[in-house]
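Okay, so here's the structure we're looking at.
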Amino acid sequence: MRFVTKSESVKKSFFDDLKREGIKFELHERLGYEAFVGYLLEGTLEEISAQIDVIEGADREALREGFVSFRESLNHILEHIKVGERFEVLLQEGPWVAELLDQLTRNGAIDYEDGVIRLREGVDVTKLRFEFKFPFNLVHTPESAERIAKQFAFADLTMEYEFEILELDIAKINTLGKIASRYFPEDYLLKVYFALIGRSILAGEILKSLGGEKVPEEDLVRGFVRASPISIPTEKGTLVINYSPKAIEEVLRFLKRAGYIEIKAGKVKKLRDLH
């Protein structure tokens, strides 16, 4: 169960928060990428809008909707930086922020000092030149569309930071959920959160089943597979935990690595409880 980010600032802040709360985790860094293949329209906001009105061979309606979203996102960022905003706070809005800030930077429209970004005084946004990018699947006749739009492909090799969460304590998992909500989208956070809760409950049930006996690993796995899924009623609904034999084996390896169990000669012995 892991959280992944490509943002250096998110990595640093999330790392510090997890350390401060004593949440168990490992950080893995690897080379990742961002990629986009499509087209772009260039010009002032007014010029780009006019190009969309006359472009042939593309889905104009989808382009108009995309451009409205682009302008709304730009205006949202401008409201922040007119008064000054910290870079890491802006990035929490989403990955699209970096793209817009890059375009504003290339226009010479912003100042950056002590981690705070501000719109330069006197800048007329209507005079700035932007790039509106859209995916290739919105174009059905390239020969016609390319009379106005330019082909555009983007590959950004960037570091990817993976936080592997090693926590089994449900109270700390709840704390983790509150911390992660500041950095990750809600749908992503909820999936990781309930996966962590599910692993913690399953690990607890495994330890309970062991008692003080040495149990053959095969019998343990077989018994839990027969009991799958585990259904747990809560105040707000039901939590269902489903798992495969491989998942049980992985949880056993996790418990062994964390010092909760010992596995020798194909038998499992409990060394300590979760609490």
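Worth a mention:
- Residue satisfying all of: in the stretch 229-259; more than 15 Å from Phe194 (Cα to Cα) and touching a strand residue (DSSP E or B) at 6+ places or on another chain (Cβ under 7 Å); most open to solvent (accessible area, probe 1.4 Å) among these: Lys256
- Of all the residues in the stretch 87-116, those that are in a strand (DSSP E or B) and touching a Gly at 6+ places or on another chain (Cβ under 7 Å) number 1.
- Residues satisfying the stated conditions in the stretch 42-83, i.e. touching a residue at least 60 places away in the same chain (Cβ under 8 Å) and over 19 Å from Arg129 (Cβ atoms): Glu56, Gly57, Ala58, Asp59, Ala62
- Check on Ser231, under 28 Å from Ile263 (Cα atoms) and free of Cβ contacts under 8 Å to residues at least 60 places away in the same chain: yes
- Selection over the stretch 234-246 of residues that are outside any strand (DSSP E or B) and without any contact (Cβ under 8 Å) to a residue 40 or more places away in the chain gives a count of 8.
- Single residue of Ala227, Ala247, Ala203, Ala180 found to be under 16 Å from the mean Cα position of the chain (by Cα), outside the structural domain of Phe87 (by the TED database) and not aromatic (Phe, Trp, Tyr): Ala180
- Selected residue (criterion: least open to solvent (accessible area, probe 1.4 Å)) from residues of the stretch 122-142 that are in contact with an Asp or Glu (Cβ under 8 Å, 6 or more places away or on another chain) and in a loop (DSSP other than H, G, I, E, B): Thr141
- Candidates Ser244, Ser181, filtered to the one that is touching a helix residue (DSSP H, G or I) at 6+ places or on another chain (Cβ under 9 Å), under 30 Å from Trp96 (Cβ atoms) and among the polar types (S, T, N, Q): Ser181
- For beta carbons closer than 8 Å, sequence separation of 6+ or different chains, a first residue in the stretch 19-30 that is assigned to a loop (DSSP other than H, G, I, E, B) and a second that is open to solvent by less than 80 Å² (accessible area, probe 1.4 Å) and not charged (D, E, K, R), the qualifying pairs are Ile23/Ile165; Ile23/Thr175; Ile23/Leu176; Ile23/Ile179; Lys24/Ile165; Lys24/Leu166.
- Any chance Lys11 is closer than 30 Å to Ser200 by Cα and open to solvent by 60 Å² or more (accessible area, probe 1.4 Å): no
- Meets criteria (closer than 19 Å to Gln92 by Cα and open to solvent by less than 40 Å² (accessible area, probe 1.4 Å)) for Glu160: yes
- Residue match in the stretch 108-117 (condition: surrounded by fewer than 15 Cβ atoms within 10 Å (Cβ to Cβ), out of contact with any strand residue (DSSP E or B) (no Cβ under 8 Å at 6 or more places or on another chain) and either under 19 Å from Glu47 (Cα atoms) or touching a residue at least 60 places away in the same chain (Cβ under 8 Å) (or both)): no
- Verdict on Lys214 being of a type outside the set (Asp, Glu) and either farther than 28 Å from Ile23 by Cα or open to solvent by less than 50 Å² (accessible area, probe 1.4 Å) (or both): yes
The values are calculated or read from the model by the stated rules, or taken from the named source; none is laboratory data. As the structure is a prediction and not an experimental result, all values here were calculated from the model. Backbone-built Cβ (ideal geometry, glycine too); neighbour counts: all protein chains shown. We work out accessible area using only protein heavy atoms, side chains counted, and drop any ligands, DNA or RNA first. Shrake-Rupley method; radii C 1.70, N 1.55, O 1.52, S 1.80 Å.
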